[in-house]
Each structure stands twice: as C-alpha cells, then as structure tokens.
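The values are calculated or read from the model by the stated rules, or taken from the named source; none is laboratory data. Keep in mind that what you see is a predicted model, and the values were worked out from it rather than measured. Counting neighbours? That spans all protein chains shown, and the Cβs are built from the backbone with ideal geometry, glycine included.
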C-alpha cells in the first residue's frame, strides 16, 4: 500500500529532502516510524517525526560529519538515536533498528539489527509498529493498519510479554485507547487479563513517567470510563491512588463534565476524599507545584458555599484573599466550578475582573497597625468589608473602619 495524502506531502520540507538524499546516497534505508505513521493513516498532520534506519549510530555520525551536517543531543546514541540538525532549521531524530536483548520492566539493553520486522516486534501496539517509506510505501508487519481501521488496540504478539518489557505500556494502552477507539468499553478480555496480572509492575515505574501517561488519559476521550476500567484491574494503588477511591464522586463529576474540559488534576481528585490523599498521590507521581496546589484547592473548596448575593461572592473572596498568585487562584476557582457543574456561576465568574485592593501594609502601618499576624488579620477584615461593598470602597473609606477593627 502507498499513501499520497496532503498530510504526507506536507512533510517534505527542504530539510527533510536533504536528509532523505543523504541516506539514499550512502545506501542506508530510512523510514518514518511509529506514531507519525499512525497519524498519517488517520489523515492527521503529525506533530513529531521519528525515523528508523538500517545505519548504525557510528555510520550515521560518519555520514553526517562527511556531509557537514551538525549533530545535537548526543545522549541518545547509546540507544541508537542520532539527532541531525539541517540548515539550522529542523531537527531529525533517527534511530537504528534494534532488538531488546534484556529488559527489566523499565529499561532495555538493545542490540542493533537491519531487520525491520524484528524492530517492529519490540514495539508496544500494532498501530505503533508500522513504518512508512519516503516514497509513501506502508510497511505493516503485524496488521496495525487493519486494527487502526477497526479502531482496535492490540499488543504486538503476546500481551504479557510486551507489558513485562515495560510496565508503563499498561498506561500507554489506555492512553491510545482514548485516542483511537470509538466506543468506551470495547476491550479484548485477554488484554484486560494481561493488564490485571501485571498491574503491580507499575510499582517499579517512576512517578514522573506514570503521571506523564496518566494525565494524557485524563485529558483524552472516555477518560471516566477508562479510569474505572483501570481501577477494576487493580491499577489504582500501583499509581498512587487509594485502595478504596471515591468512585461514586468520580462518577458524579464525570457525568456533569460535558464539554467543560476539566484539568486532569481536577478530574482525578474526585477519586480522593481529602487533602491527605492528594498529598499521597503527589508523593507518588511528583506533580508540579501548580498541579499539587490545584488538587488541594479543589478538594478544600468543592463543597457548598454560603448562599449570598451575588452567588459568586464566596469565590471572589477566595481570589482577593489569596496569598498566592491571583491568576492561579482564579483558574483554580474556575476548576472548582467546573467540578461542581455550576455553568451559570462559572460564566459569571469568568467575566469578573479581579479588582485591586486599594490598601497595602505600609499604609496600614502608618495608621498605627502593628506588623506581623495582627496586620494580616486587619487586612483580611478590611477585605471582607471591601467585598461587602462590591469592591467599590476607596482607601480613605476603608481606613475609616480601622478603629472598629482594631
């Protein structure tokens, strides 16, 4: 089979044409590999291109040096990857065909080969095991194209073997399921059984790698359904979730999400009952400080607020009283409102421009307010008064209330 789509033709920048001509001149095969082939077959323009070749790293380095092509990111050479930068415009990662000679469930020792099928055999899913020649010829050794047409997720060869080579493939399976499958729960039983039997292997995978895949699952299609399948297979405790997550709350949040595009952390913390569980999850996956604080904020404020006019006032106060970045806190409040399914309130809050508090610490100290904790309490009380008057009071108006507060 050959493809000749607009997406394929758009790949051929002058730099790629230069790369292709160099490999051809030196007699080495060069093909597009993995995810880019899958995307092209789905008529999606690939964001990244990975290439595979019969040339060894040493042969590539000799070839690029002779042709005056600069090479960067030399760390990948031990795994067979050489990165060429052409015309100081475009980088191309080219990896030698390889086979895994030893694996420990996280990393692999590799041996170079010139056999394209052996290289395809070491990849995780059939839809990721295809190659595409630069003339448009598809090389499909394990039926990946047919699986893609049927929107099926199938491991290359034996699922147990593929998973045990790298346990992160459990999460990669669910991530690609969310991208490819048309129905939420149409998994092959033998695949689910292999995942269940190997779930504990995820304990050996670093938190950073776990979160990199998990957040993509939470951002993808059918995230709610996929998470529940993962939990049913015993994946949860292996990735930092409690043994008894709050599935009922998760169901409620997922059901009312609709098109609100929850942040992945916002959706995930629906499974967590308190801030302690948020911190345990954080200790496992190493969230960023923004993601950690978002999770803690949502869990703290997802309950009902006092009924006042306007209804957004309690959430406005969270922003104006925030000790952190105002912009971050406003984003977190929006996530809380999405979590609660409060569409009208969310729309009202998003249109609200955060006002600037007219007083600062120095101004209050000049009026005799002590520093330290007392100053903080006074500022908080004045902000409450300011909010009660719809944030319209001037500095002079607020200072008139100082005697009563002190």
Residue match in segment 127-135 (condition: more than 23 Å from the chain's Cα centre (by Cα), surrounded by fewer than 21 Cβ atoms within 10 Å (Cβ to Cβ) and not in a loop (DSSP other than H, G, I, E, B)): yes
Can you find, within segment 177-223, the residue that is surrounded by the fewest Cβ atoms within 10 Å (Cβ to Cβ) among those that are part of a loop (DSSP other than H, G, I, E, B) and touching a helix residue (DSSP H, G or I) at 6+ places or on another chain (Cβ under 8 Å)? 185
Can you find, within segment 308-327, the residue that is farthest from residue 294 (Cα to Cα) among those that are free of Cβ contacts under 8 Å to residues at least 40 places away in the same chain and surrounded by 15 or more Cβ atoms within 10 Å (Cβ to Cβ)? 311
Scan segment 101-121 and give yes if some residue there is out of contact with any helix residue (DSSP H, G or I) (no Cβ under 7 Å at 6 or more places or on another chain), surrounded by fewer than 21 Cβ atoms within 10 Å (Cβ to Cβ) and closer than 22 Å to residue 212 by Cα, otherwise no. yes
Name, by its number, the condition in (1) modelled with pLDDT under 95; (2) surrounded by fewer than 16 Cβ atoms within 10 Å (Cβ to Cβ); (3) over 20 Å from the mean Cα position of the chain (by Cα) that does not hold for residue 259. (3)
Residues of segment 56-95 being at positive phi and surrounded by 15 or more Cβ atoms within 10 Å (Cβ to Cβ), which ones? 80
Has segment 140-152 got at least one residue that is in contact with a strand residue (DSSP E or B) (Cβ under 7 Å, 6 or more places away or on another chain) and not in a helix (DSSP H, G or I)? no
Can you confirm whether segment 26-37 contains a residue that is farther than 24 Å from residue 144 by Cα, touching a strand residue (DSSP E or B) at 6+ places or on another chain (Cβ under 6 Å) and surrounded by 13 or more Cβ atoms within 10 Å (Cβ to Cβ)? yes
Anything in segment 350-377 that is within 42 Å of the chain's Cα centre (by Cα), surrounded by 10 or more Cβ atoms within 10 Å (Cβ to Cβ) and either free of Cβ contacts under 8 Å to residues at least 24 places away in the same chain or over 13 Å from residue 317 (Cβ atoms) (or both)? List them, or say none. 350, 358, 359, 360, 361, 375, 376, 377
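Residues are listed down the side, and each one gets a yes or a no for (1) in a helix (DSSP H, G or I); (2) within 21 Å of residue 76 (Cα to Cα); (3) in contact with a helix residue (DSSP H, G or I) (Cβ under 8 Å, 6 or more places away or on another chain):
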position: 8; (1), (2), (3): yes, no, yes
position: 17; (1), (2), (3): yes, no, no
position: 20; (1), (2), (3): yes, yes, no
position: 28; (1), (2), (3): no, yes, yes
position: 45; (1), (2), (3): no, no, yes
position: 55; (1), (2), (3): no, yes, yes
Using the structure shown, decide if residue 346 is part of a helix (DSSP H, G or I), modelled with pLDDT under 90, buried (at least 19 other Cβ atoms within 10 Å of the Cβ) and touching a helix residue (DSSP H, G or I) at 6+ places or on another chain (Cβ under 7 Å). no
Being within 18 Å of the chain's Cα centre (by Cα) and part of a loop (DSSP other than H, G, I, E, B) is the filter; apply it to segment 262-302 and report the residue that is surrounded by the fewest Cβ atoms within 10 Å (Cβ to Cβ). 288
